[in-house]
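S.K.: Let me begin by handing over the structure; questions about it come next.
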Amino acid sequence: MVEFKNISFSYSKESGVYDIDLKVQDGEFCFLVGPTGSGKTSLLKMIYFDILPFKGEINVLGYNSKKTKKNKVHKLRKKIGVIFQDYKLLQQRTVYENIALPLHINGVGRKKIKDNVEEALDLSDLSDYQNKFPHQLSGGEQQRVCIARAIVKNPELILADEPTGNLDPAAAHKILKILEQINKEGTSIIMATHNYKLISDKDYRIIELKEGSLVSS
Amino acid sequence: MIDQFAFLISEGFKSFYRNKLASFLCVITIFINFSILGSLFVVGYNTNSLVDFFRSKYTFEIFLVDDIEEKTYIDFVNQLNSNKIIANTELIDKQKSAIIFKKEFGEDVVEMLGYNPLPISVKVFINEEDFDFSKVDLLIKSLSNIDFVDEVEYRGRYIDEVEDRINLAIFLFLVFVVAIIFLSYQIISNTVNLSMTNRKDFIDILKYNGASRIFIKIPFYIESIIYSVIGSSLSFFFVKYFFITFNSYFDLNIKMDDYLWLWIIGFSIFIGLYSSNQSMKRNLNE
């Protein structure tokens, strides 16, 4: 599903990721852990080809970082759902409209959009919020909207970049629970976090990064 | 597919609506620019008529001495008519001169003075095709040297000058047109630029969710089409009714191309699409 082959990337001399070899299998749920600046976000960005490695190559869902042309990257991204720490919700749109956006991109018909959005709202426990605007929701609720937007298109892979970073423990647990449920339905999940406490009792694979290098996987 | 297209159209309108002030200023600028451009189109369209109008003045008048015999001036007129550069002639004898004088000044000169002091003259119309000023000038000089020719009055010397000025005006118009097109390009480009900056979050979300470049661009193309259509339609109506009023007020016959609306609106859409595309290229790092 995801394969890093000896990749390196750096923004500057001090920050980046170096010589990473890594494989994530279909249906896997893994945590990407490490302190701030260890390269977690860079690694996730490389998975959806937002940044490309200087050295080595990445294979994601059949797309190779060296062979995929710039104008074909969107095809890969259609198969990936991304959850951001800062939610990246459109403030002038309702919860429903935010969640429906990826389906419009995929050219899904109105009827199917309605069905899929309702299903995603249900799974994220947001059915009562569909006509609200993001600024009317709490942080945890906004993050659930972000999750609903990521899952609504039934992606093969979900990348969650510190999805619980801004949340209180209860909200963070709820988010993790939703992600676990999504994973049980067959979607692979890579979740970046530095909240060790949250994942300490979980029996999932942990990939640890430190100063851009792989410590354990 | 239809739903997707409807979504993109609605996004274009939303974008237009959200940047109210920028959209309003853009439409007003397009309106002003295309009103000027449309007026220039109309002037350009009528330039040929203007040149024809001046060319129709390609005449000169030969005034003959008072004591000339009838046979002499009739032979002279026949001789003139056989000249290739002359289209035709009109003989104005003493009676005709008196009628013209009465028409223009309201006085019967014969009744007033008891005799007719007006000279016999010949109005000469020069062939407009293959007009060559030097040939006409040469002809006038040779005619002036004839004994029974008193004076040759020719206003054509100024026509060349007028045509030169018309050509200069056309050149200046073209420079002006280019400047206006450039200005419209800049305004639309900057407005789309502003719109894209305002909607950076929207563009990012589209990108991360797998939207192709064309999908991201279409709402902004639509936005620029809306600016162009509104601004140029207003300018078309302005130009049309301006010239209708101008014609009726000054009793002129300035004509308008039947497809003026198509030129103005089509051209503004073209500029709108081109400038927004350039702006998007910059914003999407293409």
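S.K.: Would you mention how many residues in the range A:5-52 are over 28 Å from A:LYS177 (Cα atoms) and more than 14 Å from chain B (Cβ to nearest Cβ)?
M.R.: Residues in the range A:5-52 being over 28 Å from A:LYS177 (Cα atoms) and more than 14 Å from chain B (Cβ to nearest Cβ): 17 in total.
S.K.: So, A:LEU89, is that one surrounded by 21 or more Cβ atoms within 10 Å (Cβ to Cβ) and in a loop (DSSP other than H, G, I, E, B) or not?
M.R.: When the stated conditions are applied, A:LEU89 passes them.
S.K.: Restricting attention to the range A:92-103, which residues are within 10 Å of chain B (Cβ to nearest Cβ) and crowded, with 18+ Cβ neighbours inside 10 Å? Walk me through it before giving the result.
M.R.: Of all residues in the range A:92-103, those within 10 Å of chain B (Cβ to nearest Cβ) come to A:92-93, A:98, A:100-103.
A:ASN98, A:ALA100, A:LEU101, A:PRO102, A:LEU103, listed by residue number.
S.K.: Residues of the range B:84-97 being assigned to a helix (DSSP H, G or I) and closer than 19 Å to B:GLU151 by Cβ, which ones? Let's see the steps before the verdict.
M.R.: Just the residues of the range B:84-97 that are assigned to a helix (DSSP H, G or I), to begin with: B:94-97.
Those that are assigned to a helix (DSSP H, G or I) and closer than 19 Å to B:GLU151 by Cβ: B:LYS94, B:LYS96, B:SER97.
S.K.: Among the residues of the range B:110-145, which ones are in a loop (DSSP other than H, G, I, E, B) and surrounded by 15 or more Cβ atoms within 10 Å (Cβ to Cβ)?
M.R.: So in the range B:110-145, the residues in a loop (DSSP other than H, G, I, E, B) come out as B:114-120, B:127-132, B:145.
Within the range B:110-145, B:ASN116, B:LEU118, B:PRO119, B:ILE120, B:ASN127, B:PHE131 meet the criteria.
S.K.: Kindly establish whether B:LEU206 is at pLDDT 90 or above and within 11 Å of chain A (Cβ to nearest Cβ). It would help to see each step written out before you state the result.
M.R.: Numbers: at pLDDT 90 or above: yes; within 11 Å of chain A (Cβ to nearest Cβ): yes.
When the stated conditions are applied, B:LEU206 passes them.
S.K.: Something else: Filter the range A:104-132 for residues that are outside any helix (DSSP H, G or I), away from chain B (no Cβ under 14 Å) and within 24 Å of B:SER10 (Cβ to Cβ) and give the result.
M.R.: Of the residues in the range A:104-132, the ones outside any helix (DSSP H, G or I) are A:106-109, A:124-126, A:130-132.
The next check asks that each one be away from chain B (no Cβ under 14 Å); those that pass are A:124-126, A:130-132.
Answer for the range A:104-132, where residues must be outside any helix (DSSP H, G or I), away from chain B (no Cβ under 14 Å) and within 24 Å of B:SER10 (Cβ to Cβ): A:LEU126, A:GLN130, A:ASN131, A:LYS132.
S.K.: Here are some conditions: (1) more than 30 Å from B:SER228 (Cα to Cα); (2) among the hydroxyl-bearing types (Ser, Thr, Tyr); (3) within 14 Å of chain A (Cβ to nearest Cβ). B:THR59 meets all but one. Which one does it not meet?
M.R.: (3)
S.K.: Just name the residue that is nearest to B:ILE146 (Cα to Cα) out of those in the range B:56-82 that are under 36 Å from the mean Cα position of the chain (by Cα) and part of a strand (DSSP E or B).
M.R.: Going through the range B:56-82, the residues under 36 Å from the mean Cα position of the chain (by Cα) turn out to be B:56-62, B:81.
Filter once more, so that each one left must be part of a strand (DSSP E or B): B:59-62.
Numbers: B:THR59: 19, B:PHE60: 16, B:GLU61: 14, B:ILE62: 11 Å.
Per the criteria, the residue is B:ILE62.
S.K.: Among the helices (runs of 4 or more DSSP H) contained in the range B:147-264, which hold 1 or more residues that are among the small types (Gly, Ala, Ser)?
M.R.: On the way: elements: B:156-198, B:200-208, B:213-250.
Hits in the range B:147-264: B:156-198, B:213-250.
The values are calculated or read from the model by the stated rules, or taken from the named source; none is laboratory data. Here the structure is a predicted model, which means the values were calculated and not measured. Note that we place each Cβ from the backbone using ideal geometry, even for glycine, and neighbour counts take in every protein chain shown.
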